[in-house]
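For reference, the structure discussed in these notes is given below.
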Amino acid sequence: MSSKTFYITTAIAYPNAKPHLGHVLEFIQADVIARWHRLNGEKVFFMSGTDDHGTKILRAAEKAGKTPEEFSRETGEYYRALAKEFNLSWDRFIRTTEEEHVRASQKIWDAAWQRGDIEKRTYQGLYCVGCESFKTEKDLVDGKCPEHGVAPELLSEENYFFKLTRYREALLQHYEEHPDFVVPESRLNEIKSLVRGGLNDVSVSRPKSKLSWGIPVPNDQDHVMYVWFDALTNYITGAGYADSNADKPGSRFQELWPADVHLIGKDILRFHAALWPAMLMSAGVELPRHIYVHGFITTGGQKMSKTLGNVIDPITLGKKYGVDPVRYYLLREIPSTGDGDITDEKLIERHNGDLANGLGNLTARVLTLSTEHFGEHLPDAKRSLAEHPLRRPFDEVYNAYRDAIDRFALDQTLVQVWSFIATCNAYVNETKPWSLVNHDKEELAWVLRGLLESLAALAWLLAPFLPETSEKIRSELGLDSFMEGKTPKFGAFLSGENTIKRGPLLFPRI
């Protein structure tokens, strides 16, 4: 194992309104990856947070009759609460108003300034408050932002600019040398095309007279930083970039950076795959290793957006259906790198079909038969489990599972898990263990021992995805240790020390 900690981040959310299901999709996807690496025995640092600055926050605060600090702090608590509501294993929840982040933002600004990559100019352009970014006419559809459906505002002011155009060739070279820098490949091709087509220098400040809510520009108190320049810096803030010993071996920054994965939505690709790498190049900081890009949850064919007002409240959904059923739906039904739709009907269909009839039915059947005929004891199989008919299917599923999860195909990872569940259910139907009760107890023990081992294997496979369900299965199997840091081996999950018991149905049908 390397001493480098696996570092994964989500994009930080604007707390201008309560979170919606699109935020939860990203948080859960990142949570799966973080849990997967912990399951493999790695040190992990998983960070999310809120982007508290910018015009959008200022206007929402004014509308609510509060200061932007009060408003962003209060609304941000709804995002922080998602950790408990959806079993998210964040190690840090950052806010861009933190003093450490102010220092980190000013440090990277100074580095770019010293390199000659920032200068003051007069600028006039179209600005979309919803995106917190300037737009060109070709970005618009019928004169409106395609993301938010509103016409941008015309701004004319003197700002500081970051010379993004200097980094065109360096960015293209990095994309060619690191073909997995952006996942999926279609998004890498998208950013390549954008950069090849030509970049513009980026306004990275706003006059304080126009926008008072932001991080002060070093040595110019009349300007605050453009919200994206400040927001992107959060990734190195969390890694300890502002620490005085950041460049020294053994420091927090050296242990955490570069980030292994930035997980983001497709609408902010250009900020993360063009502007952010250029900022880091300018500051002499290593680039993140991977940017994983997910799609949108749609409702009625439209992207879910607070601005559009078509959001689904994740807390309400979780309380209605349960946390793990919602996690399962988002991870299985929504392609990891594409768009997917959600309806109550589809969620209930997944719940009743995959969870209740599939996993729940298998668990109930196996535990009922085992406890009825062997009590709390593990059935004593006389043969090696290496010979069991379920061993090879598990090995094949595990290899495919590992491949899928490591290439950010979480939906396909769950396809592999449910293929093993189907294999186990088919094995029950084929062997009919209930028919062995009176005439072949030894064969019954052999059949059930393999099935119980399969349940333990499923608990292992499901641990990153459905942690609550995995824990319930582990409890029913009397499993304390769980092969963290080891390659799972069929036949090594359970031993004679395990106490078997049957609990309530995992997923009662809706």
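The values are calculated or read from the model by the stated rules, or taken from the named source; none is laboratory data. All values derive from a computational prediction rather than experimental measurement. Quick reminder, even Gly has a Cβ in these numbers, built from the backbone with ideal geometry, and neighbours come from all protein chains shown.
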> Quick one: in the stretch 1-13, which of the residues that are in contact (Cβ under 8 Å) with a residue 60 or more places away in the chain and hydroxyl-bearing (Ser, Thr, Tyr) is farthest from residue 338 (Cα to Cα)?
Replying inline: 3
> Inside the stretch 234-328, counting only strands (runs of 3 or more DSSP E) that do not spill past its ends, which hold 2 or more residues that are under 26 Å from residue 349 (Cβ atoms)?
Replying inline: 297-299
> Which one of these does residue 198 not meet: (1) of a type in the set (Gly, Ala, Ser); (2) touching a residue at least 60 places away in the same chain (Cβ under 8 Å); (3) surrounded by fewer than 13 Cβ atoms within 10 Å (Cβ to Cβ)?
Replying inline: (2)
> Going by the structure shown, is residue 167 in a strand (DSSP E or B) and within 23 Å of residue 205 (Cα to Cα)?
Replying inline: no
> Do you know which residues across the stretch 171-192 are in a helix (DSSP H, G or I) and under 11 Å from residue 274 (Cβ atoms)?
Replying inline: 171, 172, 174, 175, 190, 191, 192
> Can you pull out the residues in the stretch 487-510 that are surrounded by fewer than 17 Cβ atoms within 10 Å (Cβ to Cβ), aliphatic (A, V, I, L, M) and more than 20 Å from residue 397 (Cα to Cα)?
Replying inline: 505, 510
>> If the requirement is being assigned by TED's automatic domain parsing to the domain that holds residue 215, touching a Gly at 6+ places or on another chain (Cβ under 9 Å), of a type in the set (A, V, I, L, M, F, W, C) and free of Cβ contacts under 8 Å to residues at least 24 places away in the same chain, which of these qualifies: 111, 151?
In response: 151
> Quick check, is residue 347 without any contact (Cβ under 8 Å) to a residue 60 or more places away in the chain, buried (at least 18 other Cβ atoms within 10 Å of the Cβ) and outside the structural domain of residue 264 (by TED's automatic domain parsing)?
Replying inline: yes
> Of all residues in the stretch 457-510, how many are of a type in the set (Asp, Glu) and either under 21 Å from residue 358 (Cα atoms) or in contact with a Pro (Cβ under 8 Å, 6 or more places away or on another chain) (or both)?
Replying inline: 3
> List, please: which pairs have Cβ atoms under 6 Å, are six or more places apart or on different chains, and start with a residue in the stretch 204-218 that is on the phi < 0 side of the Ramachandran plot and assigned to a loop (DSSP other than H, G, I, E, B) and end with one that is hydroxyl-bearing (Ser, Thr, Tyr) and modelled with pLDDT of 95 or more?
Replying inline: 204/160; 215/105
> Of the residues that sit in the stretch 26-51 and are more than 12 Å from the chain's Cα centre (by Cα) and of a type in the set (S, T, N, Q), which one is surrounded by the most Cβ atoms within 10 Å (Cβ to Cβ)?
Replying inline: 50
> Checking residue 408 against (1) on the phi > 0 side of the Ramachandran plot; (2) out of contact with any strand residue (DSSP E or B) (no Cβ under 9 Å at 6 or more places or on another chain); (3) surrounded by 20 or more Cβ atoms within 10 Å (Cβ to Cβ), which test does it fail?
Replying inline: (2)
> Within the stretch 453-486, which residues are of a type in the set (Ser, Thr, Tyr), touching a residue at least 12 places away in the same chain (Cβ under 8 Å) and surrounded by fewer than 21 Cβ atoms within 10 Å (Cβ to Cβ)?
Replying inline: 475
>> Any residue that is out of contact with any Leu (no Cβ under 6 Å at 6 or more places or on another chain) and either outside the structural domain of residue 298 (by TED's automatic domain parsing) or within 22 Å of residue 338 (Cα to Cα) (or both) - is there at least one of those in the stretch 75-84?
In response: no
